[in-house]
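Chemist: Dropping a structure here in structure tokens format, bear with me for questions.
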Amino acid sequence: DLRELLQASWMMTAVFWIGWAMGETVATVLFALVAFFTLREFITLSPTRRGDHRSLILAFFVVLPVQFWLVASRHFDLFTVFIPVYVFLALPVTSALADDPQRFLERTAKLQWGIMVCVYGMSHVPALLLLSFPGWNGRQAFLVFFVVLVVQTCMVAQHLAARRFSRRPVAPNVSSSFNWISWAIGVLAGGLVGGVLSAMTPFKPGQALGMALIACVAGSLGHLVMKALKRDRGVTNWGGQARSVTGATGLLDRVDALCFAAPIFFHSVRWYFNL
């Protein structure tokens, strides 16, 4: 587990450096590909019916590219509501027109969850590249590095603390290792790293600490939510028992915390700094 966490950290760091070196457009495309493969993993392990095929085509080949196009074109107000409002209403209509009411609510909710986590959440990572701080233009890529590093630090520290401080798990049927002591240690570790890295961000040390804590809380609790979804599906990781469709042991396992942390971090930064 620790090895996979460290591999995930290196993978996301590599994506950051590629995006920083090759520009905002390339970075947006890279994260769009990550969103595509994570959504594919999510849907692969969830039962679908013939009536879902139209909605799946809509999700993969319309919703996903439009969402990332809205990010790349800086339509902030529209990209933040496109999926939660328009897609939320459009997908059930598409499924209903397929004339298959069996387990309709469950199937629709499953697809909406997948799009929200894998597409909507991931799209906020490249959106950080487009935030414009006065006197800080051209360095937005370091915000991506910042949020990735603090979230992954939180997850690694939480994992190590859970092994060191054995406590009764908060939700044993969801996670046998999640307890409040290890969670607090992980969040604090990520927050402190964020405070130390304030010089590479537009934040003052106190602001960097606060934003890092927000990202760590959202990411760590989001990871717990994704564990609950895996238990519901009866799998230990999103890649299944063998290698996943992406060639990894579960790409979604490696980025699920970031999918929850990125939108919370993005909107907190926009609200606090009035961007």
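Chemist: Every residue in the stretch 121-139 that is open to solvent by less than 20 Å² (accessible area, probe 1.4 Å), more than 18 Å from Leu197 (Cα to Cα) and in a loop (DSSP other than H, G, I, E, B), please.
Modeler: Correct list: Leu131 only.
Chemist: Out of the residues in the stretch 74-89 that are without any contact (Cβ under 8 Å) to a residue 60 or more places away in the chain and either of a type in the set (S, T, N, Q) or buried (at least 17 other Cβ atoms within 10 Å of the Cβ) (or both), which is farthest from Thr48 (Cα to Cα)?
Modeler: Per the criteria, the residue is Phe79.
Chemist: For Phe142, which of the numbered conditions (1) in contact with a Gly (Cβ under 9 Å, 6 or more places away or on another chain); (2) in a helix (DSSP H, G or I); (3) open to solvent by 30 Å² or more (accessible area, probe 1.4 Å) fails to hold?
Modeler: (1)
Chemist: Name the pairs: first residue in the stretch 46-67 and more than 15 Å from Ala32 (Cα to Cα), second residue β-branched (Val, Ile, Thr) and not in a loop (DSSP other than H, G, I, E, B), Cβ to Cβ under 6 Å, at least 6 apart or on different chains?
Modeler: The qualifying pairs are Arg54/Thr94; Ser55/Thr94; Leu58/Thr94.
Chemist: Same structure, new question: Could you figure out which of (1) modelled with pLDDT of 90 or more; (2) open to solvent by less than 30 Å² (accessible area, probe 1.4 Å); (3) under 11 Å from the mean Cα position of the chain (by Cα) isn't true of Asp256?
Modeler: Among (1) modelled with pLDDT of 90 or more; (2) open to solvent by less than 30 Å² (accessible area, probe 1.4 Å); (3) under 11 Å from the mean Cα position of the chain (by Cα), the lone unmet condition for Asp256 is (1).
Chemist: So, one more: Tell me, which residue of the stretch 101-117 that is modelled with pLDDT under 90 and open to solvent by 20 Å² or more (accessible area, probe 1.4 Å) is nearest to Glu41 (Cα to Cα)?
Modeler: Checking each candidate, the answer is Lys110.
Chemist: Take the stretch 172-208 and flag every residue that is open to solvent by 40 Å² or more (accessible area, probe 1.4 Å), touching a helix residue (DSSP H, G or I) at 6+ places or on another chain (Cβ under 8 Å) and part of a loop (DSSP other than H, G, I, E, B).
Modeler: Asn173, Ser177, Lys204
Chemist: Just to be sure, is Phe265 part of a loop (DSSP other than H, G, I, E, B) and either modelled with pLDDT of 90 or more or among the acidic types (Asp, Glu) (or both)?
Modeler: The answer is no for Phe265.
Chemist: Now, a different point. Give the stretch 130-156 a look and list any residue that's in contact (Cβ under 8 Å) with a residue 12 or more places away in the chain and among the polar types (S, T, N, Q), or say none.
Modeler: Listed by number, the residues that qualify are Ser132, Gln140, Gln152, Thr153.
The values are calculated or read from the model by the stated rules, or taken from the named source; none is laboratory data. The structure displayed is predicted, hence computed values, not measured ones. Backbone-built Cβ (ideal geometry, glycine too); neighbour counts: all protein chains shown. What goes into the accessible areas is simple: the full protein's heavy atoms, side chains included, and nothing from ligands, DNA or RNA. Shrake-Rupley method; radii C 1.70, N 1.55, O 1.52, S 1.80 Å.
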